[in-house]
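What follows is one structure encoded as structure tokens, with my remarks underneath.
The values are calculated or read from the model by the stated rules, or taken from the named source; none is laboratory data. On a predicted model such as this, the values are computed, not experimentally measured, just so you know. Heads up, the Cβs are rebuilt from the backbone with ideal geometry, glycines too, and the neighbour counts pull from every protein chain shown.
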Amino acid sequence: MHDAKQTSKRVLLVTPPLIQCNAPYPATPMLAAWLRQQGVEVAQYDASLALLLRLFSTSGLQRVGAVLRQRRDKHESAFFRDQFQAYVEWVEPVVRFLQGKDPSLAYRLARSGVLPEGPRFHVMRDQEMDEDGTLQRVFGKLGVADQARYLASLFLDDITGVVTRCVDPDFGLSRYAERLCQSLPSFDPLLQRLDGPPTLIDEMIDETAEALWHQHHPDVVAFTVPFPGTLYGALRLARGLKRLAPTVRVALGGGYVNTELRELREARLFDSVNYVCIDDGFAPLRGVVRHARGEGTDVLVRTFIRDKGQVRLADSPTGPEPGHGELPAPAYADLPLGDYLGLAEMLNPMHVLWSSQRWNKLMAAHGCYWHRCAFCDTSLDHIHRFQPATATRVVDWMEDLIRQTGSHGFHFVDEALPPALVRRLAREILRRGLVVAWWGNVRFENAFDADLAALMAQSGCIAVTGGLEAFDDRLLTLLTKGISVAGAVRACAVLADAGILVHAYLMYGVPTETTQETVDSLERLRQMFALGLVHSAYWHRFALTAHSGAAANPQRYGIVVPPTSAPTFTHNEIAFADSADENRDDLGRGLHRAVYNYMHGVGLAEDVRAWFDVTVPRPRVGRRAIERSLRDEPARQ
């Protein structure tokens, strides 16, 4: 029988709900491998995946149906209730198909009318279906499996929509209570939600806590909390574990914690957890394990604790921390790799690549080699401390993960892959004769020339993502981005010419940005899509964060930060006033509408002003400016 007093402490690393369901989040595999190297007994549990599989099951939908029958307003769930038996019958076969366990179902799923066709199917019919009622224009005659994956994904989207509208408004397929947790200067709203009447999803999270406890009986549980949409799930799981085993030690860490909880003063959080660790988790978790064994607080590293009713940061370095290149390959073998669901919710090649495959996730370099962008959290360790591994080491990791997982697909989750390392990495992959497919984030700079793009493609690179940001030279200079419009266009062009898919992140609402500059940026992007230089994009709104260069020097950016009371819980995004704030909500809607259509090949010849509901100026950018800038460009051959 499990003895909680044993000297060797059993550690469980948990990914809380909710996060993307196509692949494991990379934090726990990295931590597990290193802790095992230190002699710690470690297991991993993907509670996010477990929750989704609990919901997307026959019994899960039966419980959803029971909640719907108790609602007075039945209009929003009318179609689901009418087709309820079909949803119940098909949910588990659809999940098996999306897991890759039953590919023969593709021939049935691809037939029109086999699955119940709710609101998401109506969008498909309006935007993507051919006049003859088929999807042959998109998938052709032989794309049965791809078409089936798309329709199966819409099926799960419709279930998700019903749960969100009628069961629990906090639920999303890859996030839970995200809006609640995006900005929490006070702990009160989150505490009220945790203490309030449980929703069906809350009950399922509680059941997931019970399942992971009975499966692992851990002494220490560490949650990675990478995004706002995972915080509530982590705390609810922690509470469930504390009810089952009051002596279990619980730690929080991860990207959200690193950025939001650095000034933590909220003692009530420690009713649910024992430790809050910031920055890289290796040394902090080693200290947590030692503290759980009975050693003093002097072994804790970068760890908040509650001491005599007050929150304090315990930070006593206890030895060298591992260099990035010294880490072992991440440990994926003990995760349920066959249970992840590959979704294809949008008919865009880059988006399908992103979500439909289970990728082995690796980080070639810690931090960002540029780390100067004014909007980025450049003062934080995970950005500022640049520490690359060697190409040889990275390819060693790749070979190790192929042995562990049987998969040859890799997603590099670096802040930005350094071009020099990419060149060495591609050459090392080719030298070893390794057959892989890989993609990752880059900076669209001059170092990505035609020769490097060709080498990347030859080694297996299939896609890149990167920031075009405001896509205006004045604003790129203001943001200290370190690229120019012309240079970014050239980089995208040579990558696309090499057959590499290109996804661009863009930004609007930059301080001092005018409506004219926003419209000009959209016109440039339209031309990039029309020329096939980018294949997908997303437009973010500028946010001022506490650890960014812009926050450190607001006067330079024309920003006024109003005085506020000191937060006791989260602190990252900062409210600000900007004299150039011109209809940015209206502009954002137009930008998102344009990009959505561009990704489907729609409206590429239209005047960009047509996407906005408000009057905007004519672009100053010529309609063939991008094409002219590339004409006779020696970098593009």
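One table, with the values for the structure above:
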quantity	calculated
The lone exception for VAL413 - which of (1) in contact (Cβ under 8 Å) with a residue 60 or more places away in the chain; (2) over 26 Å from GLN99 (Cβ atoms); (3) of a type in the set (Val, Ile, Thr) it fails	(2)
Residues of the stretch 421-451 satisfying the condition of being within 20 Å of ARG358 (Cβ to Cβ) and in contact (Cβ under 8 Å) with a residue 60 or more places away in the chain	TRP439, GLY440
Count - residues of the stretch 22-73 that are among the hydroxyl-bearing types (Ser, Thr, Tyr) and without any contact (Cβ under 8 Å) to a residue 12 or more places away in the chain	1
Search result, residues across the stretch 352-375 that are more than 15 Å from the chain's Cα centre (by Cα) and assigned to a loop (DSSP other than H, G, I, E, B)	ALA364, GLY367, CYS368, TYR369, TRP370, HIS371, ARG372, CYS373, ALA374, PHE375
Which listed residue is farther than 30 Å from LEU156 by Cα, among the aromatic types (Phe, Trp, Tyr) and in the same structural domain as VAL422 (by TED's automatic domain parsing), from TRP370, TRP359	TRP370
Number of positions in the stretch 327-351 that are assigned to a helix (DSSP H, G or I) and either in the same structural domain as ARG262 (by TED's automatic domain parsing) or closer than 30 Å to PHE529 by Cα (or both)	3
Residue in the stretch 19-42 that is surrounded by fewer than 18 Cβ atoms within 10 Å (Cβ to Cβ), within 27 Å of ARG236 (Cα to Cα) and touching a strand residue (DSSP E or B) at 6+ places or on another chain (Cβ under 8 Å) present	yes
Residues that are under 16 Å from HIS217 (Cα atoms) and part of a helix (DSSP H, G or I), drawn from the stretch 242-261	LYS242, ARG243, LEU244
Any chance ARG236 is surrounded by fewer than 21 Cβ atoms within 10 Å (Cβ to Cβ), assigned by TED's automatic domain parsing to the domain that holds CYS21 and more than 17 Å from the chain's Cα centre (by Cα)	no
Which listed residue is more than 30 Å from GLU92 (Cβ to Cβ) and either in a loop (DSSP other than H, G, I, E, B) or without any contact (Cβ under 8 Å) to a residue 24 or more places away in the chain (or both), from ARG286, ARG306, ARG312	ARG312
From the options VAL114, VAL88, residue that is surrounded by fewer than 18 Cβ atoms within 10 Å (Cβ to Cβ), in contact with a Lys or Arg (Cβ under 6 Å, 6 or more places away or on another chain) and modelled with pLDDT of 90 or more	VAL114
Meets criteria (in the same structural domain as LEU468 (by TED's automatic domain parsing), in a loop (DSSP other than H, G, I, E, B) and either touching a Pro at 6+ places or on another chain (Cβ under 9 Å) or closer than 29 Å to GLU445 by Cα (or both)) for ALA566	no
